[in-house]
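Laboratory data are not the source of any read-out in this text; all were calculated from the coordinates shown. It should be emphasised that the depicted structure is a prediction, and the values quoted were computed from it without experimental measurement. Neighbour counts run over all protein chains shown; Cβ positions are idealised from the backbone, glycine included.
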Amino acid sequence: MNEYDSSKMADLMDEYKGYTLTDDAAEADVLLLNTCSIREKAQEKVFHQLGRWKKLKDKNPNLIIGVGGCVASQEGKMIKERAQCVDIIFGPQTLHRLPEMIDQVKQGGKAVIDISFPEIEKFDRLPEPRADGPTAFVSIMEGCSKYCSFCVVPYTRGEEVSRPVDDVILEVAQLAEQGVREVNLLGQNVNAFRGATHDDDICTFAELLRYIAAIDGIDRVRFTTSHPIEFSQDIIDVYEDTPELVSFVHLPVQSGSDHILTQMKRGHMAIEYKSIIRRLRKARPDIQISSDFIIGFPGESKQDFADTMKLIEDVAFDHSFSFIYSARPGTPAADLPDDVTLAEKKERLAILQERITQQAMRYSRQMLGTVQRILVEGPSVKNPMELRGRTETSRVVNFSADPKHIGSFVDVEIVDVYANSLRGTFVRGEDEMDLRRSLRPSDIVLQHKKDDELGVTQYTP
Ligand code: SAH
């Protein structure tokens, strides 16, 4: 989400102000800091960075410094009080006003603060999307109306607002024309999408997925993030008949304990989460699931943690994200008594992360010897003579092949497995694929075998 907002800021500055990006802060005329306040650590980093930028401003008084994103949204003018060097404070919903704000600072020299939530105006004012490689993010909705007790998002990004469906489709079509093959539909809860249609109707997320998948050139559709309470059957049904939709879902659960889920105000129990996964696996047997977990939520007992570990066993998650709970000012959970020590929380986090890593590694090993279809994104990071692509489950594969394949799909045989990537050998390029439209030809079979070394029992749907 933040990456997407940052890239839009860069596009805006280029299109309306002629600024280009630089890697060297010392030569910049404008420095913009896009911030995140989801956990305390992220928030503290902001002021450290501003401390470093202050030195640049001392040398160059014309330098304009802006702070955007969720910390700006939450702290507003407090930022200026703590860091005098800041000229512009803007929120996630006002980033499109940056060009005007820069003009205002240049004219008046006074700090400009705009952290309002002007509904969907942002998207109407952003320049046309520019493709940067074969994959692209497309924001479909903003904000969150779930008010989970731990989470700051509804307060910093506002409530859920969906973009009109025609705008989303046009943006994807424009990207497809520029060679984009894979889109990642973005939003805090994409499955809460209810986009207005041109004839005053409402388009659901399931319908949107089908529309996007039908756009010429788009062969892979992903989405982040979805919420369990709106993961309805009509979305699951799309997995049955829409091969463009990848066999991978990131569905945050946060905890496997019903007691903690209730305290978090997630709106569902562990069994309902498992029911979604069971139905997803029925619709798409090879689907992989990843998730987010919060460890050490106030009052999390040993039994609550054991329930989370049990859910991890039952679902057999692929690589996931996990965090120690961080009390966020203004959220209801921040007032709950918290009697679990930090040492205990760290220990629980380590246990959970080790288990998830084992499971992800097992899935990677199951790919050994199989042919996987990957979208080639560019040269490999470590060895620019090689290429790098991603599997449907977002694993990076490095392999040797002609650079002409960049931007298209290739089949590779997986020959080695590492902690963060796979190694493949080239099998065929897109020109040699007979099933152009299908991303799941019969030779791409995941070998489900029991991994005795890890003692992991295979999950059977
Ligand atoms: N909309 C998604 C969450 C997006 S925020 C959902 O409702 O599931 C990304 C992740 O940050 C969350 O899934 C959660 O695991 C983590 N997170 C959010 N607030 C947090 C907090 N106060 N402390 C620790 N982790 C938090």
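Among all the aspartates and glutamates, which ones have a C-alpha under 20 Å from residue 55's C-alpha, if same-chain residues fewer than 8 places away are not counted? Once the sequence-local aspartates and glutamates are set aside, what remains near residue 55 is 23, 24, 27, 29, 44, 81, 87.
Take every Cα pair under 8 Å whose residues are at least 6 apart in sequence, average their separation, divide by the length of the chain, and the relative contact order is 10 percent. Per-residue ellipticity at 222 nm from helix content only, as computed over the chain with -39500 (n - 2.57) for each DSSP H run of at least four residues, stands at -10500 deg cm²/dmol. log₁₀ I(q)/I(0) of the chain at q = 0.09, 0.12 Å⁻¹, via Debye over equal Cα point scatterers, no solvent, to two decimals? For the requested q values the scattering log ratios are -0.66, -1.20.
Given the pairs 8/382; 54/80; 41/146, which span a C-alpha to C-alpha distance of over 21 angstrom in this model?
Over 21 Å apart, Cα to Cα: 8/382; 41/146.
Packing here is the average count of other Cβ atoms within 10 Å per residue, and on that basis the peptides 19-30, 209-220, 154-165, highest first, run 154-165, 209-220, 19-30.
Counting only Cα atoms, I'd like the Rg/Rh figure for the range 137-193, Kirkwood definition for Rh.
Numbers: Rg = 13.2 Å, Rh = 12.3 Å.
My calculation puts Rg/Rh at 1.08.
Over the range 1-114, the hull volume per residue, using the convex hull of the C-alpha atoms, is 97 Å³.
Across the range 1-140, the relative contact order, built from alpha-carbon pairs under 8 Å that are at least six residues apart, equals 24 percent.
Stretch residue 10-residue 265 to full length: gain in nm at 0.36 nm per residue minus the Cα-Cα span?
Numbers: separation 255, 0.36 × 255 = 91.80 nm, distance 3.67 nm.
Full extension from residue 10 to residue 265 adds 88.1 nm.
Relative contact order for the range 123-363: what percent, with Cα pairs under 8 Å and sequence separation of 6 or more?
Numbers: 432 pairs, mean separation 39.7, N = 241.
The normalised contact order for the range 123-363 reaches 16 percent.
Take the Cα of residue 386, go 7 Å toward its beta carbon, and none of the backbone nitrogen atoms of the range 157-188 fall under 11 Å from that spot. In this label model, residue 77 and residue 40 are separated by 2.7 nm, measuring between points 7 Å along each Cα→Cβ vector.
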